[in-house]
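A.B. asks: Just dropping this structure here.
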Amino acid sequence: MRRVPVTRWAARQVLALLAAVVCLAGMHPAAAPRAELRGGSNYFTYRVDEDCTREPYGVVNSYDRAPDLVRDQLEQMARGGQKRLRIPLFHHRGPDSGTVMDSTNGGISRAHLRNLRSLLQDVKATGFEAVEIAFFPMDANDPREWQAFDRGLYQENLAVIRQVRAEVVRSGIPYVLDLLNEGAPADDEDVLLQYDRTLWRDYRREFGTSDTVGFSMMVWIAGRVPHLPEVYGDQPPEVLEVHLYGQPGNGDEYRQFMDADAALDAIGYRQPLIVGEVYYDDAEAADGIRRAMADADRRVRHLTQWPWPRESRCPAADVAPPAAYGAYAAAGF
């Protein structure tokens with residue numbers, strides 16, 4: 001090929017063009033990471049009194065006491081841009097508290113199943129795109145309280161999961177299940193590990209793995225991740241769930257996410273994450289999680305906030321309904 005001499009004028013034109021490209025690149029930075037799907041809230045109480053009382057007002061087992069109020073609250077959340085709900089389901093072997101259902105006879109009552117059916121119909125009619133049902137066995141039913149594996153209580157918990165799953169499937173709304181809220185085991189939780197491994201085996205055999213996150217992980221995530229292969233074997237969930245609450249001494253949301261990502265990478269898990277719990281409408285949490293998504297190159301499916309602000313007046317929850325979602329929506333969640 002014949003070489004063409006480059007004149008000084010041509011060289012200056014090339015340099016000017018390169019400078020323009022650099023300038024334009026600076027004007028149009030790479031898009032910030034966003035969740036794959038719009039999220040929403042954990043919704044489990046329709047009222048919190050001034051003295052922080054909320055137990056009588058569970059949205060599942062007390063739905064029939066305030067159906068119009070529940071529908072109105074769902075509409076408020078939807079108007080705020082929320083598209084997904086995480087619905088905690090509490091039960092134990094004992095009396096109904098208004099939030100915690102009685103599962104003494106190996107399952108929840110027909111009345112509570114009707115309430116769940118009505119709630120899911122309202123959720124779907126309001127325009128929510130999907131739900132997550134999270135199982136919260138309480139008191140004696142909570143395997144974290146067991147000194148040894150309890151076959152009877154295990155079967156009771158499994159019966160509740162079967163009942164509720166059937167109702168959710170019947171509703172026709174897309175869903176995912178958390179088989180035990182914050183149930184991923186840590187060191188020295190041998191009974192919990194046995195519970196999780198047994199439940200994962202039984203659930204997988206009966207229903208497969210495509211509609212569950214398995215067992216969600218609380219804020220000390222990095223210490224739980226190494227035990228996940230003992231729970232899931234060679235068939236882990238397709239998506240994992242983490243709960244991120246920035247706390248002194250435990251790191252902010254960014255650090256918790258990054259630590260969890262590093263631990264997951266170490267065992268070869270590259271699944272996307274659901275952020276199932278996080279402080280209510282919190283810009284600091286939203287920014288930290290978004291930065292971590294970019295730095296870790298880890299996808300987030302969606303996020304659901306807990307009705308509990310960083311500066312809270314009540315234990316566990318003090319917002320009903322959790323209608324504000326602006327901080328997370330603005331950050332791409």
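No lab work stands behind these numbers, since they all come straight from the coordinates. Since this is a predicted model, take the numbers as computed values, not measurements. Note: ideal-geometry Cβ built from the backbone for every residue, glycine included; neighbour counts use all protein chains shown.
A.B. asks: May I ask you to order 141-154, 265-278 by the average number of other C-beta atoms within 10 Å around their residues, highest value first?
C.D. replies: By packing density, highest mean first, the sequence is 265-278, 141-154.
A.B. asks: Give the residue from TYR46, GLY58, ALA32 lying farthest towards the positive end of the charge dipole for region 30-69; charges sit on Cβ (+1 for Lys and Arg, -1 for Asp and Glu) and the dipole is referred to the Cα centre.
C.D. replies: With unit charges placed on the Cβ atoms, the residue in question is ALA32.
A.B. asks: Could I ask something else about it? Along the positive direction of the dipole of region 39-330 (beta-carbon charges: Lys, Arg +1; Asp, Glu -1; about the Cα centre), which of PRO174, SER97, GLY81 reaches farthest?
C.D. replies: PRO174
A.B. asks: Charges on Cβ only, +1 for Lys and Arg, -1 for Asp and Glu, centred on the Cα centroid of the chain; of TYR195, ALA263, ALA320, which one is farthest towards the dipole's positive end?
C.D. replies: Most positive-ward Cα: ALA263.
A.B. asks: Hey, another quick one. Just how large is the dipole of region 103-222 about the Cα centre, in debye to the nearest 20, putting +1 at every Lys and Arg Cβ and -1 at every Asp and Glu Cβ? Display every interim value, and only then the final one.
C.D. replies: Details: 13 positive and 19 negative charges, 160 e Å.
For this selection, approximately 760 debye.
A.B. asks: What dipole magnitude, in Debye to the nearest 20, does the chain give about its Cα centre under +1 on Lys/Arg Cβ and -1 on Asp/Glu Cβ?
C.D. replies: 2000
A.B. asks: Another question, if that's okay. Go through region 158-164 residue by residue and turn each phi into a ³J(HN,Hα) via Karplus (6.51, -1.76, 1.60, θ = phi - 60°); whole Hz please, and just put x for glycine and proline.
C.D. replies: 5, 4, 5, 4, 4, 4, 5
A.B. asks: Which ordering of PHE215, PHE207 is given by a fewest-first count of other beta-carbon atoms within 10 Å?
C.D. replies: PHE207, PHE215
A.B. asks: Okay, moving on. Would you kindly state how much longer the chain becomes between SER97 and GLN76 on full extension, computed as 0.36 nm times their sequence separation minus their alpha carbon distance, in nm to one decimal?
C.D. replies: That works out to 4.9 nm of additional length.
A.B. asks: Based on the mean of other Cβ atoms within 10 Å per residue, sort peptides 319-331, 300-312, 166-178 so the most packed one is first.
C.D. replies: Going from most to least packed, we get 300-312, 319-331, 166-178.
A.B. asks: Suppose only helical runs count, i.e. DSSP H with n ≥ 4. What mean residue ellipticity at 222 nm does that imply for the chain under -39500 (n - 2.57) per run, divided by all residues and rounded to the nearest 500 deg cm²/dmol?
C.D. replies: Calculated from helices alone, the mean residue ellipticity at 222 nm is -12500 deg cm²/dmol.
A.B. asks: Report the per residue volume, in Å³, of the convex hull enclosing the C-alpha atoms of the chain.
C.D. replies: 192
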